[in-house]
Ligand code: UD1
């Protein structure tokens, strides 16, 4: 297959590109690079010895995207592109809805025009709201008690895509509800590179361990969980990437929905200890107030994907910590974010990337 990955230069997209290439598929990436990084794709090419077709485009601009993709062929689409910071989505709801919904609409238009029928969509366990059962199955209600525009945009996208598939019965759609993606490729060459201060737990812990941040704030220790801290289902990004390939292979007419999770819950304090063990570095933390909108426990019932997609997680949380640490310690500033280096007097400041490419002087 020749697969178009929207947002393919991002964290999950780049790992999925790698697995698709390794399994003999061709990969086309469309990304506006607002949060993804071209270097991630260079490294995917280096790791696989295969090339990726890269197209820079903003999917919210339908006309420009149509023109940009006019000469590019593909058989299936995996739609990762979108904004994903929960707190930011509360502050900038219109931007989040515009970006996350308009990109899907563009894609559906282009797929219809070009008679491309297979679509895998990056959804999220956030659509379940507050789970009413210890393990959340796909039959659990969705769209109840969602607390932020990011979550609503995932829910709305699921509805939009489902309606599009009803109107085009040749479409084969798979909605994948991710639990908490973590870890990195075991080479340490690609991994998660959040812009600014990380919102998510594992990148924050990794940055504390490597010395980029002083300490972790544990958001609440009075939840109804074994140690009082929040429990989540962390899934290794390589398992997640393999789940996309399984979904592409299994897609058939209509809409199918699967959880991609491990079925194992890990608390914040367990995560800290696991990371300390693999990194051999201390992860200082303080107990802080609960973060608004957070839930006590969210863990997947992963059985449907195991049964239908013949896919299951094979890596542990400790594996994910080891690989995240390998990535973080080899790339302390991610793909090379700008650091300010003072040379001589404070007035002469050179901004450069960590790999020493001077990009501006003032
Ligand atoms: C969050 C989003 C979810 C999104 C997912 C992407 C919310 C409510 N949910 O999930 O919609 O799909 O990210 O991965 O934001 N924690 C700390 N200190 C920190 C960061 C996190 O204690 O600095 C705790 C949280 O309270 C939570 C756990 O770690 O118990 C995991 O948090 P996080 O990685 O942000 O993921 P979610 O909140 O589960």
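Just so it is clear, none of the values below were taken in a lab; they were calculated from the coordinates. Bear in mind that the values here come from a model prediction, so they are computed numbers and not experimental data. Note that we place each Cβ from the backbone using ideal geometry, even for glycine, and neighbour counts take in every protein chain shown.
Observations on the structure shown:
- Centroid-to-centroid separation of segment 45-98 and segment 170-187 [C-alpha atoms, Å]: 16 Å
- Coarse-grained scattering of segment 165-230 at q = 0.25 Å⁻¹, given as base-10 log I(q)/I(0) from a Debye sum over alpha-carbon atoms: -1.18
- Label positions at residue 249 and residue 51, each projected 7 Å from the Cα along the C-beta direction, are separated by 2.8 nm.
- The DSSP beta bridges internal to the chain are antiparallel in roughly 20% of cases.
- Expressed per residue, the C-alpha convex hull volume of the chain stands at 148 Å³.
- Computed over segment 33-74, Kirkwood Rh from alpha-carbon pairs, angstrom: 11.8 Å
- Scattering curve values for segment 1-139, log₁₀ I(q)/I(0), Debye with Cα scatterers, q = 0.14, 0.15 Å⁻¹: -0.68, -0.77
- With only the Cα atoms considered, segment 62-189 has a convex hull volume of 153 Å³ per residue.
- By the Stokes-Einstein formula, at 0.890 mPa s and 25 °C, segment 56-98 with its Kirkwood radius over alpha-carbon pairs has D equal to 198 µm²/s.
- Available extension along the chain between residue 72 and residue 102 is 8.7 nm, counting 0.36 nm per residue and deducting the alpha carbon span.
- Considering only the Cα atoms of segment 216-262, their convex hull presents on average a projected area of 5.2 nm².
- R0 of 22 Å, Cβ-Cβ distance residue 277-residue 330: FRET efficiency to nearest 0.05: 0.70
- Beyond 22 Å, the tail of the calculated P(r) for segment 203-349 holds 54 percent of the Cα pairs.
- DSSP finds beta bridges in segment 207-340, and of those with both partners inside it, around 25 percent are antiparallel.
- Stokes-Einstein diffusion of segment 60-127 at 20 °C, 1.002 mPa s viscosity, Kirkwood radius from Cα pairs, rounded to a whole number: 163 µm²/s.
- Counting only DSSP H runs of at least 4 residues, each contributing -39500 (n - 2.57), and dividing by the residue count of the chain, the helix-based mean residue ellipticity at 222 nm comes to -11000 deg cm²/dmol.
- Theoretical gain in end-to-end length, residue 91 to residue 34 [0.36 nm per residue, Cα-Cα removed]: 18.7 nm
- Equivalent ellipsoid, segment 120-176 (semi-axes from 5 times Cα gyration tensor eigenvalues, Å): 22, 13, 9
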